[in-house]
């Protein structure tokens with residue numbers, strides 16, 4: 001197994017844990033060279049240290065375009081350097097974190113905003129009013145103007161309103177989490193596409209350089225052949 005020295009740590013590492021300077025993108029190469037002026041295209045850097053400079057490089061990109069790097073953007077940079085996935089199902093995540101009270105509030109809000117609740121509510125009102133007005137001849141337990149009914153409706157509204165607000169607050173939190181997640185995924189995709197373009201440009205530049213060297217060798221070879229023929 002071949003070992004080479006890392007320019008940053010100075011440790012001897014196997015080739016599987018190293019990257020040569022010649023294989024790095026120019027922007028990343030220049031960033032390493034700022035800290036280590038002696039770093040050349042023939043030197044090596046460990047994958048661990050390379051990830052550190054990749055992180056710095058991504059932070060510089062974000063800082064140039066948006067200013068300060070936020071916590072969300074740091075999470076994106078970490079996921080890129082560690083090659084981790086950011087995509088997740090927000091609905092499943094929030095569902096697993098729900099308490100009994102939150103689940104109950106969601107069910108109350110869901111039922112309270114449905115046609116089923118409205119129809120049942122109006123049916124109960126019609127039965128209550130008809131029973132006290134027509135069957136009991138307005139002499140029952142709640143005659144007109146239905147004071148007991150108004151008290152019950154006020155209590156229901158007073159209890160239902162904060163429960164529905166709890167559910168709405170949870171939905172706002174879920175929407176905020178979803179928007180933050182979408183932003184992180186989009187930012188990661190944008191950064192990786194940008195890095196991919198730079199890598200392709202770097203590979204094309206190297207390829208063109210190699211082709212130019214091959215053409216020079218071919219030219220020299222043909223010149224030697226022509227000299228041999230002339231002799």
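The values are calculated or read from the model by the stated rules, or taken from the named source; none is laboratory data. Everything numeric here is computed off the predicted structure, so don't read it as measured data. So basically every Cβ, Gly included, is an ideal-geometry build from the backbone, and we count neighbours across all protein chains shown.
Scan segment 122-134 and report the pairs whose first residue is assigned by TED's automatic domain parsing to the domain that holds residue 112 and in contact (Cβ under 8 Å) with a residue 12 or more places away in the chain and whose second residue is part of a helix (DSSP H, G or I) and surrounded by 13 or more Cβ atoms within 10 Å (Cβ to Cβ), with Cβ atoms within less than 6 Å and a gap of 6+ or a chain change.
From residues that are assigned by TED's automatic domain parsing to the domain that holds residue 112 and in contact (Cβ under 8 Å) with a residue 12 or more places away in the chain, the pairs are 128/149.
Take residue 188 and decide whether it is part of a helix (DSSP H, G or I), closer than 30 Å to residue 23 by Cα, outside the structural domain of residue 114 (by TED's automatic domain parsing) and at pLDDT 75 or above. Before the answer, list the steps.
Values: part of a helix (DSSP H, G or I): yes; closer than 30 Å to residue 23 by Cα: yes; outside the structural domain of residue 114 (by TED's automatic domain parsing): yes; at pLDDT 75 or above: yes.
The answer is yes for residue 188.
Within segment 162-194, track down each residue that is within 19 Å of residue 59 (Cα to Cα), surrounded by 12 or more Cβ atoms within 10 Å (Cβ to Cβ) and more than 10 Å from the chain's Cα centre (by Cα).
Those that are within 19 Å of residue 59 (Cα to Cα), surrounded by 12 or more Cβ atoms within 10 Å (Cβ to Cβ) and more than 10 Å from the chain's Cα centre (by Cα): 190, 191, 192, 194.
Step by step: first the residues of segment 129-165, then only those that are more than 30 Å from residue 101 (Cβ to Cβ) and assigned to a helix (DSSP H, G or I), then the one that is modelled with the lowest pLDDT. Which residue is that?
Quick first cut of segment 129-165, residues more than 30 Å from residue 101 (Cβ to Cβ) only: 129-147.
Next cut, assigned to a helix (DSSP H, G or I) only: 129-135, 147.
Working: 129: 86, 130: 86, 131: 85, 132: 84, 133: 82, 134: 80, 135: 76, 147: 87.
Here the residue is 135.
In segment 25-51, how many residues are touching a residue at least 40 places away in the same chain (Cβ under 8 Å) and under 16 Å from residue 10 (Cβ atoms)?
Residues of segment 25-51 touching a residue at least 40 places away in the same chain (Cβ under 8 Å): 25-27, 44, 46, 49.
Among the residues that remain, those that are also under 16 Å from residue 10 (Cβ atoms) are: 44, 46, 49.
Selection size over segment 25-51: 3.
Go through segment 139-159 and give me each residue that's touching a residue at least 24 places away in the same chain (Cβ under 8 Å) and over 26 Å from residue 113 (Cβ atoms). Give the steps one after another, and end with the answer.
Residues of segment 139-159 that are touching a residue at least 24 places away in the same chain (Cβ under 8 Å), as a first pass: 149.
Residues satisfying the conditions do not exist here.
Hey, any hits in segment 79-94 for a residue that's under 30 Å from residue 191 (Cβ atoms), at pLDDT 70 or above, surrounded by 14 or more Cβ atoms within 10 Å (Cβ to Cβ) and not assigned by TED's automatic domain parsing to the domain that holds residue 146? Explain how you work it out, then say what you get.
Narrowing segment 79-94 to residues under 30 Å from residue 191 (Cβ atoms): 79-94.
When the remaining residues are screened for being at pLDDT 70 or above, the result is 79.
Now restrict to residues that are surrounded by 14 or more Cβ atoms within 10 Å (Cβ to Cβ): 79.
With the extra rule that they be not assigned by TED's automatic domain parsing to the domain that holds residue 146, the set shrinks to 79.
Yes; the residues of segment 79-94 include at least one that is under 30 Å from residue 191 (Cβ atoms), at pLDDT 70 or above, surrounded by 14 or more Cβ atoms within 10 Å (Cβ to Cβ) and not assigned by TED's automatic domain parsing to the domain that holds residue 146.
Would you be able to tell me the number of residues in segment 41-62 that are exposed (fewer than 15 other Cβ atoms within 10 Å of the Cβ) and either outside any helix (DSSP H, G or I) or at pLDDT below 70 (or both)?
Qualifying residue count, segment 41-62: 2.
Where residues in segment 6-40 are in a strand (DSSP E or B) and exposed (fewer than 15 other Cβ atoms within 10 Å of the Cβ), which of them is farthest from the chain's Cα centre (by Cα)?
Looking only at segment 6-40, we keep the residues that are in a strand (DSSP E or B), and these are 6, 12-14, 18-20.
Subsequent filtering for residues that are exposed (fewer than 15 other Cβ atoms within 10 Å of the Cβ) retains 12, 14, 20.
Working: 12: 37, 14: 34, 20: 31 Å.
Step by step, filter segment 6-40, then rank; the result is 12.
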